[in-house]
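The values are calculated or read from the model by the stated rules, or taken from the named source; none is laboratory data. Values in this document were obtained by computation on a predicted structure and should not be read as measured data. Please note: Cβ atoms are built from the backbone with ideal geometry, for glycine as well, and neighbour counts cover all protein chains shown.
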Amino acid sequence: MEQKTSKVVVSALLAGAFGAVACHASRTCRYLPGDAGWPSQAAWHQLNNTVGGRLIAGTPLGRPCFEPDLNAAECAAIKAEWTDLHPFIADPVNVMSPYWMNNSCDPFYGPSGTCKLGSLAVYAINVTNAQDAVAGVRFASANNIRLTIKNTGHDYLGRSSGAGSLALWTHNLKDITFLDYRSADYTGPAARLGAGVEGTDLGPVAAAHGYRVLGGSCPTVGVAGGFTQGGGHSPLSAKYGLGADQVLEWEVVTADGVHTTASASQNPALYWALRGGGAGNYAVVLSMTVKAHPDGPAAGAGFLIVNDDDDKFWAAVAAWLKHLLVLDTLDGYMTAFTITALDFALDFALLPDAASVDDITAPLAPFFAELDELKVTLAQSRASVSANYADWYETWAAPITYSTNNSIGGRLISRSAVQDRLPALVAVFRDIAEYSAAEVGGSALKGLAFNVTSARVGSAALPGADAVLPAWRDALFTLNFLIPLAEDADWETINSGQAWINDKQDELRAVTPGGGTYMNQATWDNPNWKEDYFGSNYKALFAIKAAYDPEDLFWADAAVGSDVAWVRAADGRLCRPEANT
Ligand SMILES: Cc1cc2nc3c(=O)[nH]c(=O)nc-3n(C[C@H](O)[C@H](O)[C@H](O)COP(=O)(O)OP(=O)(O)OC[C@H]3O[C@@H](n4cnc5c(N)ncnc54)[C@H](O)[C@@H]3O)c2cc1C
Ligand SMILES: *[C@@H]1O[C@H](CO)[C@@H](O)[C@H](O)[C@H]1NC(C)=O
Ligand SMILES: *[C@@H]1O[C@H](CO)[C@@H](O)[C@H](O)[C@H]1NC(C)=O
Ligand SMILES: *[C@@H]1O[C@H](CO)[C@@H](O)[C@H](O)[C@H]1NC(C)=O
Ligand SMILES: *[C@@H]1O[C@H](CO)[C@@H](O)[C@H](O)[C@H]1NC(C)=O
Ligand SMILES: *[C@@H]1O[C@H](CO)[C@@H](O)[C@H](O)[C@H]1NC(C)=O
């Protein structure tokens with residue numbers, strides 16, 4: 001029913017889409033600070049009054065390390081935290097990605113270097129209610145300046161920052177409410193999450209209400225931000241599907257400054273696009289309502305294999321990838337593993353509602369038997385049962401540490417690639433794992449395996465039911481790989497690392513033909529981004545983008561419609577493409 005409604009609206013919208021893009025009359029650009037057209041102090045003051053004094057001037061975190069703002073204690077503090085996620089999460093404009101921070105105010109370059117905003121927003125509104133978001137949308141539109149939306153700043157594609165922009169900072173929208181939801185498609189428990197809620201905010205509250213609600217493996221990713229809007233993989237995905245599959249409705253502010261709802265019955269095309277069609281590109285999200293699932297015990301397991309012989313080690317990795325085809329058939333069984341040149345770790349397996357340790361370890365026994373045949377020994381192995389999902393998370397997922405000092409690439413690895421091209425696939429993995437840069441160490445490949453087919457997770461995963469890239473449903477696991485960067489890596493190093501990652505993504509594409517990539521853990525400058533990140537959904541998403549944001553207020557690299565909307569110049573300025581002048 002819901003699916004039918006969406007399809008009708010989408011095709012009706014398609015008809016009008018291309019006209020909207022073709023009508024940019026003259027070559028115009030967004031204003032940057034210093035331009036005559038940049039809003040006056042009085043205009044900013046007026047905006048600040050409208051948002052209750054919650055307008056904040058963007059400030060680089062590294063500023064205390066530079067003249068004339070030098071402050072030794074503050075500088076030491078930010079240097080010590082520079083690879084931590086937390087200072088970036090708590091800041092209105094600074095983001096984690098070294099690529100997008102681009103050393104514009106890197107504390108390790110002080111005190112004589114330069115400290116500029118670079119790609120960071122010039123002002124941010126500390127959004128606390130719908131009126132704040134409406135005011136920001138209207139101000140950016142009326143004044144021809146770029147608008148960005150920043151939540152936690154995890155984004156690898158640079159989508160939560162933007163030179164010369166006004167940012168809507170949604171981090172403080174932390175409300176969590178549990179309710180009984182009733183609609184034509186779903187009747188049952190649900191959770192309404194403010195746009196700033198992180199996994200770490202959600203877990204314990206959900207448990208206290210007797211529910212599980214999906215968030216990322218990483219506790220600090222924003223649930224209603226890039227995670228759900230881009231797809232969203234969770235340890236719980238093998239049981240309930242992707243983050244986007246959970247959404248019942250969105251509370252939004254649209255590009256025309258209207259506060260409204262997107263659901264199966266209201267703005268169904270927008271509801272569809274926001275569920276997997278890419279972050280920050282269709283509307284500002286204030287909250288979302290998602291399914292809540294009854295809680296219960298959960299089993300976990302993990303192991304470590306150390307590489308003391310390359311041939312045996314990579315044979316063990318190949319055996320693991322093949323064994324994933326078996327684990328794929330077990331309801332709810334999820335695994336997260338890390339492969340480096342030195343070792344291979346099952347960081348965690350999750351089996352929700354398992355009664356005993358044996359439930360989670362027995363399915364691993366055939367793999368362990370294969371290790372015996374290969375004469376590979378386990379350096380560590382453990383398993384446990386937790387009383388509920390939040391406890392499982394604290395035991396298994398929360399202790400994993402994350403840092404900002406890296407660049408990322410990725411690819412969804414299809415079941416057919418493992419079935420039919422395993423040696424070629426393992427050869428690319430090995431090639432990636434053997435990346436090593438002087439003094440900063442090697443790369444890491446991270447696999448997250450879950451069956452998110454509709455046979456497993458229900459009708460939300462049927463083709464076209466939401467805007468999740470269809471290749472997710474054929475994937476045995478999603479792979480992302482990280483290369484380390486020194487805290488003071490220069491632009492040339494960062495940029496050449498990015499190029500290396502793009503090459504490896506091409507090699508992975510060659511062994512997974514017709515597949516795709518999880519856009520949230522990949523490169524912004526992948527030339528195949530439309531196909532890889534959106535697949536067959538691109539055209540329908542383009543039509544919805546044109547209908548809901550005809551002036552391209554929301555813009556990001558590798559976002560639907562971005563290439564025909566604006567071109568980012570060397571100074572970060574957005575200008576209409578030549579073709580549209
Ligand atoms: C250390 C680390 C671990 C990760 N682990 C996982 C994981 O386990 N599972 C997974 O699926 N992904 C994971 N990711 C990827 C993650 O999903 C993306 O980085 C995602 O974009 C983060 O969204 P955010 O809202 O937290 O961050 P931000 O960088 O603040 O925002 C990301 C995007 O969402 C948009 N956005 C944010 N808030 C809103 C809003 N209210 N309305 C409209 N648009 C909005 C922004 O404009 C931007 O385009 C991880 C990333 C990192 C860095
Ligand atoms: C906005 O107003 C508040 C309260 O008056 C003030 O503290 C803040 O500095 C102002 N913001 C800007 C960017 O001027
Ligand atoms: C980073 O800075 C360099 C110059 O130092 C510039 O060439 C490059 O375009 C910048 N990259 C981004 C993403 O802004
Ligand atoms: C943002 O607003 C919230 C209240 O809505 C307030 O608690 C918080 O201190 C503000 N943050 C900043 C950095 O101004
Ligand atoms: C990256 O940061 C982590 C955590 O702070 C640290 O252990 C690691 O050595 C850093 N890597 C590089 C290459 O600096
Ligand atoms: C996924 O899960 C379903 C339901 O448990 C199962 O029937 C199917 O074989 C699994 N794998 C694939 C490829 O669909």
Residue satisfying condition, being touching a residue at least 40 places away in the same chain (Cβ under 8 Å), over 24 Å from Tyr282 (Cα atoms), away from ligand 5 (no atom under 16 Å from the Cβ) and under 21 Å from the mean Cα position of the chain (by Cα), within set Gly203, Gly194, Gly153: Gly203
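Does Asp343 fit the bill of being of a type in the set (Asp, Glu) and either touching a helix residue (DSSP H, G or I) at 6+ places or on another chain (Cβ under 7 Å) or over 30 Å from Ala543 (Cβ atoms) (or both)? So that I can check it myself, show each step before the final result.
Values: of a type in the set (Asp, Glu): yes; either touching a helix residue (DSSP H, G or I) at 6+ places or on another chain (Cβ under 7 Å) or over 30 Å from Ala543 (Cβ atoms) (or both): yes.
Against the criterion (of a type in the set (Asp, Glu) and either touching a helix residue (DSSP H, G or I) at 6+ places or on another chain (Cβ under 7 Å) or over 30 Å from Ala543 (Cβ atoms) (or both)), Asp343 qualifies.
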For the subset of region 263-291 comprising residues that are over 21 Å from Asn520 (Cα atoms) and within 21 Å of the chain's Cα centre (by Cα), which member is farthest from ligand 4 (Cβ to nearest atom)? Lys291
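Restricting attention to region 532-581, and to residues there that are of a type outside the set (A, V, I, L, M) and part of a strand (DSSP E or B), which single residue is nearest to ligand 6 (Cβ to nearest atom)? Walk me through it before giving the result.
The initial filter retains those residues of region 532-581 that are of a type outside the set (A, V, I, L, M), namely 532-539, 542, 545, 548-552, 554-555, 557, 561-563, 566, 568, 571-573, 575-578, 580-581.
Right, trim to part of a strand (DSSP E or B) and you get 554, 568, 575.
On the way: Phe554: 35, Arg568: 40, Cys575: 46 Å.
By that ranking, first place goes to Phe554.
Condition first: acidic (Asp, Glu), away from ligand 1 (no atom under 16 Å from the Cβ) and within 22 Å of Pro484 (Cβ to Cβ). Now tell me which residues in region 326-349 satisfy that.
Asp343
Looking only at region 158-194, which residues are part of a loop (DSSP other than H, G, I, E, B) and of a type in the set (A, V, I, L, M, F, W, C)?
The first filter runs over region 158-194 and keeps only residues part of a loop (DSSP other than H, G, I, E, B), leaving 158-164, 170-175, 183-186.
Result: Ala163, Leu173, Ala184.
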Among (1) free of Cβ contacts under 8 Å to residues at least 24 places away in the same chain; (2) assigned to a loop (DSSP other than H, G, I, E, B), Pro235 falls short only on (1)
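Looking only at strands (runs of 3 or more DSSP E) that lie completely in region 341-440, which have at least 3 residues being in contact (Cβ under 8 Å) with a residue 40 or more places away in the chain, surrounded by fewer than 20 Cβ atoms within 10 Å (Cβ to Cβ) and in the same structural domain as Thr512 (by TED's automatic domain parsing)? Steps first, answer last, please.
Values: elements: 343-352, 380-386, 406-414.
The qualifying strands (runs of 3 or more DSSP E) are 380-386.
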Evaluate the following for Ala522: is it within 12 Å of Leu412 (Cα to Cα) and not polar (S, T, N, Q)? yes
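Among the residues of region 28-48, which ones are among the small types (Gly, Ala, Ser) and part of a loop (DSSP other than H, G, I, E, B)?
Within region 28-48, the subset among the small types (Gly, Ala, Ser) is 34, 36-37, 40, 42-43.
Selection gives Gly34, Ala36, Gly37, Ser40.
Being closer than 20 Å to Ala279 by Cβ, touching a Leu at 6+ places or on another chain (Cβ under 8 Å) and outside the structural domain of Pro235 (by TED's automatic domain parsing) narrows it down to one of Thr493, Thr523, Thr512, so name that one. Walk me through it before giving the result.
Numbers: Thr493 fails: closer than 20 Å to Ala279 by Cβ; Thr512 fails: closer than 20 Å to Ala279 by Cβ.
On inspection, the qualifying residue turns out to be Thr523.
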Region 23-63, residues that are free of Cβ contacts under 8 Å to residues at least 40 places away in the same chain and more than 16 Å from ligand 4 (Cβ to nearest atom): Cys23, Ala25, Gly34, Asp35, Ala36, Ser40, Gln41, Ala42, His45, Gln46
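Condition test on Ser141, is it within 9 Å of ligand 1 (Cβ to nearest atom) and either more than 22 Å from Leu553 (Cβ to Cβ) or among the small types (Gly, Ala, Ser) (or both)? Working first, answer last.
Numbers: within 9 Å of ligand 1 (Cβ to nearest atom): no; either more than 22 Å from Leu553 (Cβ to Cβ) or among the small types (Gly, Ala, Ser) (or both): yes.
No.
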When both residues are 6+ apart or on different chains and their Cβ atoms are under 6 Å apart, which pairs have a first residue that lies in region 111-124 and is more than 18 Å from Thr170 (Cα to Cα) and in contact (Cβ under 8 Å) with a residue 40 or more places away in the chain, and a second that is within 16 Å of ligand 4 (Cβ to nearest atom) and in a loop (DSSP other than H, G, I, E, B)? Cys115/Pro60; Leu117/Gly58
I need a count of the residues in region 49-85 that are of a type outside the set (S, T, N, Q), part of a loop (DSSP other than H, G, I, E, B) and either buried (at least 18 other Cβ atoms within 10 Å of the Cβ) or away from ligand 5 (no atom under 16 Å from the Cβ) (or both). 15
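May I ask you to list the residues in region 184-217 that are modelled with pLDDT of 95 or more and farther than 23 Å from Ala398 by Cβ? Steps first, please.
Here is the first cut: in region 184-217, the residues modelled with pLDDT of 95 or more are 186-217.
Correct list: Tyr186, Thr187, Gly188, Pro189, Ala190, Arg192.
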Given (1) in contact with a Leu (Cβ under 6 Å, 6 or more places away or on another chain); (2) surrounded by fewer than 22 Cβ atoms within 10 Å (Cβ to Cβ); (3) closer than 30 Å to Ile494 by Cβ, index of the condition Ser454 fails: (3)
